[in-house]
Each structure stands twice: as C-alpha cells, then as structure tokens.
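Structure record follows, encoded as structure tokens.
The values are calculated or read from the model by the stated rules, or taken from the named source; none is laboratory data. Since the structure is predicted, the reported quantities are computational estimates derived from the model, not experimental observations. Counting neighbours? That spans all protein chains shown, and the Cβs are built from the backbone with ideal geometry, glycine included. In case anyone asks, the SASA skips ligands and DNA or RNA and just uses the protein heavy atoms, side chains included. Shrake-Rupley method; radii C 1.70, N 1.55, O 1.52, S 1.80 Å.
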Amino acid sequence: MDILENIPLAPLTTLKIGGPARYFVSAETETDVVEALEYASRYSLEVFILGGGSNILVSDSGFDGLVLHTGLKGVAYDRFDKSLTVTAMAGEDWDVLVDSCVNSGFAGLECMSGIPGFVGGTPVQNVGAYGQEVAETIETVRCLDRLTGQIVDLSNAECGFSYRTSIFNASERGRYIVLSVAYRFTPGGEPKVVYKDLIERFADHKPTLVELRNAVLEIRRSKSMVIDANDPNSRSAGSFFKNPIVTAAQLDELREKRGSVPSFEFGNDFKVPAAWLIEHAGFQKGYKLGKAGISSNHTLAIVNMGDASAADVIALKDLIQSKVLTEFGIALTPEPILVGF
C-alpha cells in the first residue's frame, strides 16, 4: 500500500476546488482500509474518506491528514425465492449500478439515476431524488467500525435512516467506514412515479423502469445535474442545500406572511423547496459572487464559474443562508461535506 504525499484533491471532486491532501492512499481491499487506519493511528493523523467527490467542498488549504480514497470494486447477485440482493462494493460507480439494476428489471433505484458518486456514499446521506431514497432498498451496510476495529454488518434499522441523514453522518459520524452495501429488490417491481414532473410526463401511460430512468436523466440534464465536461453548470456539488422541514404551524405562519408557499407532505410535517426560498430571497439563476455562482439552470446548485476558491463558495453559501433566514426565519442546511475547514 502506497502512502502518497501532497496529492491535489480538486481533480477528485465535482466542484474542482480545494487544496492538497497531506497524505493520500487508495484502498482497493478491506485489508488496505485496515492498514491505512493503522498508519493514521500510528502518526495521529485525522482521516477523511473520499469516494466519488460529488458531495464535498475541500478547503483551499486542503486536508492536513490522511485521505483514504475508496477503491473497493465488485458487484454480487444473490437470488432468493421472491427477491434478489445486489451487493456492491463501496468504490463502484453509483449510476452504473443504477443502470444495471434498471435494465435487469429491479425497481427501487430508478429515480436516483444520474446522481454522481460512489456506492459507499449512498447510505451516509441516505441519498434520494424525485421521491425515492436508498433507505427504501438498502438491506445491510458492511462497515469497518473504527471504535472496535471490527468489520460489522448493520441492518437497515441500525443505520437510522431519515431525510438525508443516517447514523453515519449524525450520531455516529466518523465511526464507520462503508465497505459495501446490499440492496434488496423484488423482481418485476413497478417504477416509482410520485414527483410532479414525472407524474405529468407519464399521465397517459405507466412507464417502464427504463422509460422512467431516461426521463429522470433528461430532467437532471436540463438542470445541469448530470456531470458533463462540456457543461460548466455541472461543475458543482449537486444541490447545495437540503429542503427544510417545517411543522404545519410554521407553514401556516409562513403563508400568512408570504401568501402562497409551495410545500410537500413529509410525515406529519412539510418540506418547503429550498430553491423557492432562495429565489424569493432575491437570488436568481446565474447569480454570481466572485468566481462562484448559482447555476443558470438550477437555483439549488452553487457552481465553480472558473477558478473559484473554496472561500468564494463559502461566501456565497453564507450570503444565501443569511438572506433566507432574514426573509423567512428558516435556516438552510448545506448538503455537501466541508473538508479541511
């Protein structure tokens, strides 16, 4: 296992921003992961686990510790009487897995087509899109428990999934390193059509899984949410803010002050679109601050307009949060992980 020094991290992220890693290792096996952690412990180094780099912002000074890049590969299929489990290693490309499952007739991931990144990141933030979350399909998550040094298999319930949250980024942040994820499918399942644009698109017929995936990809491309080297708007970390969740009373109060406010039911509460809040706080698509800006196709995406620094992105993030809080009394929570700050 090669421990490298002063490796640039910007090229390994979708934002293309950030300084170097003081130490860097690409782990291709579970043994590599264990040995990398032993090295970090020996020299008292902080560790950051890097997957596809699609949901992070690295500071301009980089990361003064060990970056462990997930390179574990492999996909296994296990059939049961009425179900099938697909186990993918953490370093597998997420959208390649989704494409494979969709074309095999396995429903459960189709709405998350086109999301960049690796499999290992999906349980951490309970990745979701267009009304579907990985928590609906995940059976178990195989992890290295840094507290005990043991490899464990955590059940869906033990992962503590909720909206964009799990124990991996909340109560047990930093404790577990995801090694692989097992997804359970029922062959022949129907695609999930609950998102407004998808409902309208397929009003006249029930789509196949492939048709739904293609529709999702088309929608995401129109918003520059599919990584494309020829599209500068895709030089982002995806949606930069979570849709805030408010109570019915808070929503009523907001509507009394602002009139019509879009919302979506979320259990006993409601999601308010962060994009709507941002736009009505005075930010439009294409807004720029320094060399960072808001995508011209998607209000929720902060993009690198060309040679932007992490400081540029943070300045724009802070400005948006401040104005939304002043205007609506709602605190927006960033989705990307901030590394090295």
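Out of 50, 66, one residue alone is of a type in the set (A, V, I, L, M) and in contact with an Asp or Glu (Cβ under 9 Å, 6 or more places away or on another chain). It is 66.
Annotation: residue 231 fulfils all but one of (1) free of Cβ contacts under 8 Å to residues at least 40 places away in the same chain; (2) buried (at least 17 other Cβ atoms within 10 Å of the Cβ); the unmet one is (2). Filtering 86, 58 for residues that are in contact with a helix residue (DSSP H, G or I) (Cβ under 9 Å, 6 or more places away or on another chain) and more than 22 Å from residue 335 (Cβ to Cβ) leaves a single hit, 86.
Among the residues making up the stretch 285-338, those that are among the small types (Gly, Ala, Ser), surrounded by fewer than 22 Cβ atoms within 10 Å (Cβ to Cβ) and assigned to a helix (DSSP H, G or I) are 311, 315, 322. Looking across the stretch 95-133, the residues that are on the phi > 0 side of the Ramachandran plot and open to solvent by 20 Å² or more (accessible area, probe 1.4 Å) come down to 105, 130, 131.
Residues that are under 29 Å from residue 189 (Cβ atoms), charged (D, E, K, R) and surrounded by fewer than 17 Cβ atoms within 10 Å (Cβ to Cβ) within the stretch 60-92 comprise 73, 78, 79, 81, 82, listed in sequence order. A Cβ distance below 7 Å, combined with a sequence gap of six or more or placement on separate chains, defines the contacts here; from the stretch 39-51, residues that are closer than 14 Å to residue 4 by Cβ and touching a residue at least 40 places away in the same chain (Cβ under 8 Å) reach residues that are open to solvent by less than 50 Å² (accessible area, probe 1.4 Å) and of a type in the set (S, T, N, Q) in the pairs 50/70. Take the conditions of a type outside the set (Gly, Ala, Ser), open to solvent by 30 Å² or more (accessible area, probe 1.4 Å), under 30 Å from residue 47 (Cα atoms) and over 22 Å from the mean Cα position of the chain (by Cα) and apply them to residue 269. Does it pass? When the stated conditions are applied, residue 269 does not pass them. Does residue 207 meet the test of being closer than 17 Å to residue 110 by Cβ and open to solvent by less than 30 Å² (accessible area, probe 1.4 Å)? Answer is yes for this residue. What about residue 243, is it closer than 30 Å to residue 313 by Cα and assigned to a helix (DSSP H, G or I)? In short, no.
The residues listed here are 73, 82; of these, the one that is farther than 30 Å from residue 40 by Cβ, assigned to a loop (DSSP other than H, G, I, E, B) and among the basic types (Lys, Arg) is 82.
Every test in (1) aliphatic (A, V, I, L, M); (2) at pLDDT below 95; (3) assigned to a strand (DSSP E or B); (4) out of contact with any Pro (no Cβ under 8 Å at 6 or more places or on another chain) is passed by residue 237 save one, and that test is (4).
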